[in-house]
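Worksheet: one structure, shown below.
The values are calculated or read from the model by the stated rules, or taken from the named source; none is laboratory data. Not measured: the values here are computed from a predicted model. So basically every Cβ, Gly included, is an ideal-geometry build from the backbone, and we count neighbours across all protein chains shown. Only protein heavy atoms, including side chains, enter the accessible area calculation; ligands, DNA and RNA are left aside. Shrake-Rupley method; radii C 1.70, N 1.55, O 1.52, S 1.80 Å.
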Amino acid sequence: MKGRTYTYVLNKAEEGGYVAKCIELPQVHTEGETLAEVKKNMRDALTLALDYIRERAKKEKGEVLEITIR
């Protein structure tokens, strides 16, 4: 399966470094001292959030279905 692209907003933090928030999953946000660190942290945060969502979906009653959007 082809990966999905996520969009995030990046801002400079007042105390230095950067903060970022995912547009598609607004509960996912992160920070970092450098742009590279923010990108890595965002990838990690998205992975954790999506894993959590998938695990939670498995506990739902009924049939769990998936859809791929390109």
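Among the residues of region 26-52, which ones are open to solvent by 70 Å² or more (accessible area, probe 1.4 Å) and among the hydrophobic types (A, V, I, L, M, F, W, C)?
35, 36, 48
Of all residues in region 53-70, which are within 15 Å of residue 3 (Cβ to Cβ) and either open to solvent by less than 100 Å² (accessible area, probe 1.4 Å) or among the acidic types (Asp, Glu) (or both)?
66, 68
Could you please find all residues in region 43-70 being at pLDDT below 90 and among the small types (Gly, Ala, Ser)?
Selection gives 57, 62.
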